[in-house]
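Enquirer: Please read through the structure below; I'll follow up with questions.
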Amino acid sequence: MSLTVIPKSSAAQREKIVNFLLGASVIVAFLVAWELVGSLALVNPLFTSAPSRVLKAGLILIQDGTLFQHLAVSGTEFLLGYGAAIVVGFPVGIMLGWFKGINASFGPFIAAMQATPRIALMPLFIIWFGLGITSKIVVVALSAIFPLIVNLQVAMSTIDADLVRVARSYGATRWQIFRSVALPTSVPFLITGLRLAAGRGLLGVIVAEVFGGSQGIGYMIQYAGATFQTDKVFAGVLLVAATGITLDFTLERLGRHYDRWRGESAVH
Amino acid sequence: MPSSNVDKNIKSSRVATPVVRINSAERPASVVTLPVTAPAPKPADREIKLSVKDLVIGYLDKKSGHTAVAVDRVKFDIREGEFVTIVGLSGCGKSTFLNAIAGLVQHQHGEIRVSGKVVSGPGTDRAMVFQKASLLPWRRVGRNITYGLELSGMKPDEAREKASYYVNLIRLNGFEHHYPHQLSGGMQQRVNLARALACDPEVLLLDEPFAALDAITRELMQQELLELCEKVGKTVLMVTHQIDEAVLLSDRVIVFSARPAHVLADVRIPIPRPRRGEIKETEEFRGLVHQIWSIIEGNANVGGGI
């Protein structure tokens, strides 16, 4: 093809680099200031810790294996709860959006459930499921399920009526319309739901472990805080933050992959 | 459909009226007297493909709660290979009528038959081309063209094979791997048309297929459809409010009254085929457009349809 391809202008590229440097410099400045506040003895590092101390605490946690112990527990809780939320939330959301009768019956109940702060039910879950990982899995699942349900419900209401009419005019059955129109429509909403659910689920794990338990990253943070080990607290918090960012980034990339027909970010 | 669009069409026809009037003064308005230079394009002894008998379509007016009549005892036949167009004012019920033929709207009285079989719902013997291309945006062009075939249970590969004839005919080859958003409005509408033709329907239904396109693309698409239909000889029922489009493409133009719609006139277009877009400049063409316009205008004035 003899299409004129406009090369990415050097100005645009320079702007990208400048923006990156601006963002990075603020983070670096913050870390330096944080370090200095402690090392210049402006504040007792017992309260503020410092990047170098956090790093050291993190390395120790890795070396003595406690980090992986806690990580394994939290990871299991998260994956099982998140998985359960997907397995249940996806079909429930789709059905609520697809069948008007089901929405009329269960919609208000689900809206009420969604408005209830799940973490406030934690004492109940401990009574019901004990202090082990089951109560945490339940919290994660209940935290993650609602963004999925709501997003898929909305997805079904955004189905293009013209596409349905076309399918019907070609004699499509309801099931064929569902497969060829409704499901593809739901994909971007599913991804958005998964991203929101991952954030909520992660929060659920940590708060549930802080609430009660004897293992997991949340417990580790809580225990370290109660014993004034601020370095360890920060190490745990940073780990959770890094996990959240990684999850979100991965899901966002996945979403872009399935969204390439939309064009703005067309990849060929 | 925005009503302003319709107003514009009606206005532009009006502007054209004085020119046409001069022509019409020189000749009688009747079409029968026009010279026929070629043998009648569609012999009357061909098989009847679509037969509509005393069709009545009512709809529930949600505001008033009453059932109103949209289409009132419409009756006509279309023979194999005929291109028939329904024209009428916007909102007269012609699209409702076409939807009923497609099986998307229930009728209250009367009968629709395609190749002798009574129509009771959507079916593979008809395929509809809507005003909006309505392509599945997440499917590439190729899979959009085969969509209708796949819905009838055909495997994608087999469907592609079957559709390839029309892909070539509508000159879409090379575009199979594009996504709809990468195509212009005219190209999208061609995919829409190819999707319908790929199903090889007994009757092709066109619902204002070019109304959403810009004026230039519309002209080009009209010519392309003209060539296409003359090549494949499909039986076509089209709905439009563009009289010149109707005259250019059709063997017969059926004029619908204002709502509730009934047939005001069934005008035979004796212009010989193959036709080219240039015939729009001929007096014969203008005379036919004027004749149809006068029928609509007369009815609108009497019925207060505008």
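Only the coordinates and a few stated rules stand behind these numbers; no lab work does. Model, not experiment: these values are computed from the prediction. Counting neighbours? That spans all protein chains shown, and the Cβs are built from the backbone with ideal geometry, glycine included.
Enquirer: Can you tell me the FRET efficiency between B:HIS109 and B:ALA215 if r is taken as the Cβ-Cβ distance and R0 is 60 Å, rounded to the nearest 0.05?
Expert: Plugging the Cβ-Cβ distance into 1/(1 + (r/R0)^6) gives 0.90.
Enquirer: Same structure again: Going out from 0 in 5 Å bins, what whole percent of all Cα-Cα distances in region B:74-184 drops into each bin?
Expert: Final binned percentages: 2, 9, 16, 19, 16, 16, 13, 7, 2, 0.
Enquirer: Shifting gears a bit: Based solely on C-alpha atoms, express the radius of gyration and the Dmax of the protein assembly as shown in angstrom.
Expert: My reading of the Cα-based Rg and Dmax gives 33.5, 108 Å.
Enquirer: Further question on the same structure: Under a point spin-label approximation (7 Å from Cα along Cα-to-Cβ), what is the A:VAL237-A:ARG179 distance to one decimal in nm?
Expert: 5.2 nm
Enquirer: Here is a further query. Antiparallel DSSP bridges in the protein assembly as shown: what percent, to the nearest 5?
Expert: Percent antiparallel among DSSP bridges in the protein assembly as shown is about 50.
Enquirer: So what's the angle, to the nearest 10 degrees on a 0 to 90 scale, between helix A:51-63 and the longest Cα principal axis of chain A?
Expert: The angle comes out near 80 degrees.
Enquirer: Right, another one. Considering every residue in B:94-103, what mean count of other chain Cβ atoms within 10 Å of its Cβ is obtained?
Expert: Taking the mean over all residues of the peptide, I get 1.
Enquirer: Check which residues have an amide H placed less than 5 Å from B:ALA70's amide H, if you skip close sequence neighbours.
Expert: B:ILE57, B:GLY58, B:TYR59
Enquirer: Given only helices, namely DSSP H runs of n ≥ 4 each adding -39500 (n - 2.57), what is the per-residue ellipticity at 222 nm of chain A, to the nearest 500 deg cm²/dmol?
Expert: Taken over chain A, the calculation gives -26500 deg cm²/dmol.
Enquirer: Please report, largest first and rounded to whole Å, the three semi-axes of the ellipsoid equivalent to region A:116-197, where each semi-axis is the square root of five times an eigenvalue of the C-alpha gyration tensor.
Expert: Those come to 39, 11, 9 Å.
Enquirer: So, one more: Just how far, in whole angstrom, is region B:120-161 from region B:191-222 if you go by their alpha carbon centroids?
Expert: 14 Å
Enquirer: Angle check, please: helix A:183-211 long axis (alpha carbons) against the longest principal axis of chain A (alpha carbons), in degrees 0 to 90, nearest 10.
Expert: Compared with the principal axis, the helix lies near 30 degrees.
Enquirer: Round to the nearest 10 and give me the degree value, 0 to 90, for the angle of helix A:133-157's Cα axis relative to the longest principal axis of chain A.
Expert: Tilt of helix A:133-157: around 40 degrees.
Enquirer: Please report the equivalent ellipsoid semi-axes of region A:51-262, computed as sqrt(5 x eigenvalue) of the Cα gyration tensor, largest first, in whole Å.
Expert: Values for region A:51-262, descending: 40, 20, 11 Å.
Enquirer: Would you be so kind as to identify which of B:PRO274, B:TRP293, B:SER257 lies farthest towards the positive end of the dipole of region B:257-306, taking Lys and Arg as +1 and Asp and Glu as -1 on Cβ and the Cα centre as origin?
Expert: Ranked along the dipole, the leading option is B:PRO274.
Enquirer: Turning to a different aspect of this structure: Report, by chain and number, residues whose modeled amide H sits under 5 Å from the one on B:PHE83, excluding near sequence neighbours (fewer than 5 apart, same chain).
Expert: Here B:VAL236, B:ASP251, B:ARG252 satisfy the definition.
Enquirer: On to the next question. If I histogram all Cα-Cα distances within region B:166-242 using bins 5 Å wide from 0, what percent of pairs lands in each bin?
Expert: 3, 14, 28, 28, 19, 8, 1
Enquirer: Now for a separate question. Roughly how many Å is it from the Cα centre of region B:234-294 to that of region A:192-229, as a whole number?
Expert: So the separation of the two Cα centres works out to 73 Å.
Enquirer: While we're on this one: Within 10 Å of each Cβ in peptide B:133-143, how many partner chain Cβ atoms are there on average? Round it to a whole number, please.
Expert: Neighbouring Cβ atoms belonging to other protein chains average 4 per residue here.
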